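Only the coordinates and a few stated rules stand behind these numbers; no lab work does. These numbers were taken from a predicted model, which means no experiment stands behind them. Here the Cβ is made from the backbone with ideal geometry for all residues, glycine too, and neighbour counts use every protein chain on show.
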Amino acid sequence: MFNSLIRDAAERFNLGDKAERFIGLLLGLIFDPAQGGFSGLRSRFTQVGLGDLFRSWVGAHVVDNVLQPDQFSAAVGDEALASMAAKLGVPKVSISLAGATLLPKLIGLLTRDGEPSVAPAEALALINGTPAPRAHHVAPTSARKADSHPGWLLWLIPLLLLLGGFLLMRSCGKDEAVAPASPPAVTAPSEPAAPTAPVAQANARFDLSNVDGKVTVNGQVASDADKLKLWDALKAAFGEANLSGDIRVDPATLPASWMDKLIGLLPQLKAKGLKFGFDGDKLSIDTSGLPEDQRIAVSEQLRNAFGGFQISGLWDRAAAALSGLKAGFSGDDLVGALNLMNVYFDSGSATITRDSLETLDHAAKAIKAAPAGIRIEVGGHTDNTGDAAANLTLSQQRADAVIAKLAELGVAREGLIGKGYGQDQPIADNASEEGKAKNRRMHFTVLK
């Protein structure tokens with residue numbers, strides 16, 4: 001039932017002999033009774049805004065690239081992701097890439113006859129790490145019947161051979177004894193060796209540079225189909241006459257998790273002077289050749305599209321304000337710039353998203369350059385979704401997470417005080433999604 005998915009995990013995602021265990025872990029995630037089983041998994045996807053996408057997989061033949069690695073990570077949760085990575089001894093990014101492709105297909109396969117209330121037997125075997133014997137391990141019926149024949153038949157065959165040899169000797173007039181020839185050994189036909197799949201070992205890469213409307217690209221993808229799809233999108237966005245460079249094809253390349261989102265975004269990334277590049281799930285941006293308003297707009301577009309990626313080079317109002325602080329700036333100048341920052345977290349958790357790490361790095365450098373003895377409160381705020389007490393706890397955890405990251409980046413911990421305010425101090429109307437987004441924030445205050 002799951003053989004093709006195990007093969008995909010082994011060959012496409014470089015999991016090798018860990019592929020069967022990986023599929024077992026995914027099945028365990030689907031049917032985990034502690035998380036509510038199948039319906040519990042569906043609820044977790046709904047909580048992160050992916051409920052409609054999850055429902056589209058039920059009973060369907062699911063194709064590739066319907067779920068992105070960052071979406072898989074958000075729905076599954078960092079704890080489960082880290083646990084799977086530790087059990088298999090592979091990086092978390094490998095789990096995210098493989099899980100984003102294979103989990104939807106598992107859902108489609110398991111729901112062909114409706115949503116399952118319990119795991120089928122073959123799924124249980126993989127979850128428990130004891131797969132049931134496959135059909136080709138069972139002896140053919142004729143062989144099993146031969147095992148039940150009386151033992152005297154085993155003696156009859158050599159006796160008949162000896163008798164035949166004796167008669168042959170008599171007929172040829174030979175005096176010496178002739179040993180009967182041994183029957184030729186019967187060799188079972190060997191199965192043809194399975195073709196060796198290329199081992200994925202390189203990240204999919206892509207670099208674009210727009211100089212006065214002339215676009216140069218370079219990169220590496222896994223297949224001719226990927227190259228053609230990307231190249232056609234580039235020609236449509238920039239015009240073939242304005243396009244140069246090369247995209248290599250190497251089957252030993254990991255899937256390009258950025259491909260589909262980039263293709264959808266290309267028509268909006270035509271600013272002259274823009275440079276950016278992907279290396280696996282890392283995105284680097286250079287907007288220094290753009291006017292200020294374009295720098296902010298392009299950074300926001302890329303951050304929104306690739307929020308689960310590790311992004312460097314983002315430019316927003318906070319980056320501009322922090323870089324513009326003059327020598328001898330005051331504490332009020334500092335928090336004025338810090339409060340322009342957007343620090344994002346995984347949904348429902350205090351895990352800082354990877355695209356926020358560079359933002360906090362800028363903040364840490366500015367705080368370390370602040371006047372000696374300054375003390376800053378890091379306040380966490382939420383919208384009003386969910387339970388007020390839970391929101392209060394979450395806001396404190398997020399404030400503590402920001403302080404921990406700033407301390408890791410060299411800021412003196414004793415100069416930072418974390419405080420969670422929950423949902424009690426909104427700055428916008430929680431009736432709209434835009435208002436809720438504004439209320440989910442970190443707020444910095446100088447403590448007198």
- Among residues of segment 209-227 being over 24 Å from the mean Cα position of the chain (by Cα) and aliphatic (A, V, I, L, M), the residue surrounded by the most Cβ atoms within 10 Å (Cβ to Cβ) is 215
- Item | Candidate set: segment 372-387, residues that are in contact with a Leu (Cβ under 9 Å, 6 or more places away or on another chain) and in contact (Cβ under 8 Å) with a residue 40 or more places away in the chain; chosen: the one nearest to residue 304 (Cα to Cα) | 382
- Task: For segment 18-53, enumerate the residues that are of a type in the set (A, V, I, L, M, F, W, C) and not in a helix (DSSP H, G or I).
- Result: 48, 50
- Item | residue 285 touching a residue at least 12 places away in the same chain (Cβ under 8 Å), β-branched (Val, Ile, Thr), outside any loop (DSSP other than H, G, I, E, B) and in contact with a strand residue (DSSP E or B) (Cβ under 7 Å, 6 or more places away or on another chain) | yes
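Of the residues 368, 282, only one is over 29 Å from the mean Cα position of the chain (by Cα) and more than 25 Å from residue 395 (Cβ to Cβ); which?
The conditions single out 368.
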- Item | Hits in segment 399-417 - residues which are crowded, with 17+ Cβ neighbours inside 10 Å and touching a Lys or Arg at 6+ places or on another chain (Cβ under 9 Å) | 399, 403, 406, 411, 415, 416
- If residue 251 satisfies every condition in (1) of a type outside the set (A, V, I, L, M, F, W, C); (2) in a loop (DSSP other than H, G, I, E, B); (3) in contact with a helix residue (DSSP H, G or I) (Cβ under 7 Å, 6 or more places away or on another chain); (4) closer than 30 Å to residue 8 by Cβ but one, which is the exception? (3)
- Does segment 300-323 hold any residues that are crowded, with 19+ Cβ neighbours inside 10 Å and either within 23 Å of residue 67 (Cα to Cα) or touching a residue at least 60 places away in the same chain (Cβ under 8 Å) (or both), and which are they? 302, 303, 306, 308, 309, 311
- Query: When residues of segment 85-122 are filtered for being outside any helix (DSSP H, G or I) and either under 20 Å from residue 254 (Cβ atoms) or acidic (Asp, Glu) (or both), how many remain?
  - Reply: 5
